[in-house]
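This report concerns only the one structure given below.
Values quoted throughout were computed directly from the atomic coordinates according to the rules given, and no laboratory measurement underlies them. All of these numbers come straight from a predicted model, not from anything done at the bench. Cβ placement follows ideal geometry from the backbone for every residue including glycine, while neighbour counts extend to all protein chains displayed.
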Amino acid sequence: MPSKPAATDQRSILLGDRQVAYQLRRSARRSIGLAIDHRGLRVGAPLRARLGDIEALIRRHGDWVLDKLRQWQDRPAPQRLAISNGTVIFIDNSEFTVAIAPGPRARWQRDGSTLHLTLPAESDPAPLLETALRETARARFAERLAHHAARLGVPTPPLRLSSARTRWGSCNARGQINLNWRLIWLPLPVIDYVVCHELAHLKEMNHSPRFWSVVEQLCPDWRALRLELRQRGRQIPQL
């Protein structure tokens, strides 16, 4: 029998002296969860959860909710990367110098520590650089997925690149793993943490203690790397 589709509702709740809007999404999950990003407060709840119980949990975590909302409000926007001939970037665990040259059509190539971008004169190099980063990311992520899947004793899952603004990875019920291509800006150990996190969902499709024990089996330093991801992820430049 197919599962009941998730239902989403826009609501609001008074926390202290502030009226806070939130998005309530009901689905076939077992517990109530809170998340805050650029869209505001989002609440996930089981299909049969009582609204009173949901809002009681939000109020219990009211200080955390208000603090996180303030952090998002005060967070500076990522800096847009100024791309020119000679720009130095750190991707795929290495430092590269961008070399821009005119040409009849857009193409890119890695040559040692140089990333060559060839494109028509007066063209914006940002789209071509993003293409290079995406293709580099796909190759690197596929290699890391295969490596860690073998360690976990599972087949290498299908990979899809994501462009999500706030989510680094996900694993769906079909076993497909989505990884944010922007991870390619971060050090390889941080990428490995995200890969191991999503692979662990092939064993435990939740965030239970058993799930985290699988993560620790694959990535013993996951706590430090998760913190590094949170810190460095805010500094990734925009193209």
For ASN180, net neighbour charge (Lys/Arg +1, Asp/Glu -1) across residues whose Cβ lies under 10 Å away: +3
Roughly how many Å is it from the Cα centre of the stretch 157-198 to that of the stretch 116-144, as a whole number? 18 Å
Relative contact order of the chain, please, whole-number percent, based on alpha carbon pairs below 8 angstrom and at least 6 residues apart. 13 percent
Residues THR114, THR97, THR87 in order from fewest to most other beta-carbon atoms within 10 Å are THR114, THR97, THR87
I'd like the orientation of helix 62-74 relative to the chain: the angle between its Cα long axis and the longest Cα principal axis, in ° from 0 to 90, rounded to 10. 30 degrees
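If you add up the charges near ILE36, with Lys and Arg at +1 and Asp and Glu at -1, over every other residue whose beta carbon is less than 9 angstrom from its beta carbon, what do you get?
Value of the local net charge: +2.
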Length gained, ARG70-ARG110, 0.36 nm per residue minus C-alpha separation, equals 10.2 nm
Would you mind telling me which residue in ARG107, ARG26, ARG48 has the biggest mean-square fluctuation in a Gaussian network model of the chain, where springs connect alpha carbons within a distance under 10 angstrom? ARG48
Before anything else, pin down the relative contact order of the stretch 7-74: Cα pairs under 8 Å, at least 6 apart, normalised by residue count, whole percent. 26 percent
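If you average 1/r over every pair of different alpha-carbon atoms in the chain and take one over that average, what Kirkwood value in Å do you get?
When all Cα pairs of the chain are included, the Kirkwood radius is 20.4 Å.
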To make sure I understand, if each residue's beta carbon is the centre and we count other beta carbons within 10 Å, what order do TYR193, TYR22 fall in, fewest to most? TYR22, TYR193
Quick one: which residues, 5 or more positions from LEU115 or on another chain, have an amide H under 5 Å from its amide H? H modelled 1.01 Å from N in the peptide plane, none for Pro or chain starts. THR97, VAL98, ALA99
Counting other beta carbons within 10 Å of each residue's own, what order do VAL195, VAL214 fall into, fewest first? VAL214, VAL195
So the angle from the long Cα axis of helix 126-152 to the longest Cα principal axis of the chain, reported in degrees to the nearest 10, equals 60 degrees
Taking the Cβ-Cβ separation of SER123 and PHE90 as r and a Förster radius of 25 Å, what is the calculated FRET efficiency to the nearest 0.05? 0.55
Provide the net charge surrounding LEU199, with neighbours chosen by a C-beta distance below 13 Å and charges set as Lys +1, Arg +1, Asp -1, Glu -1. -1
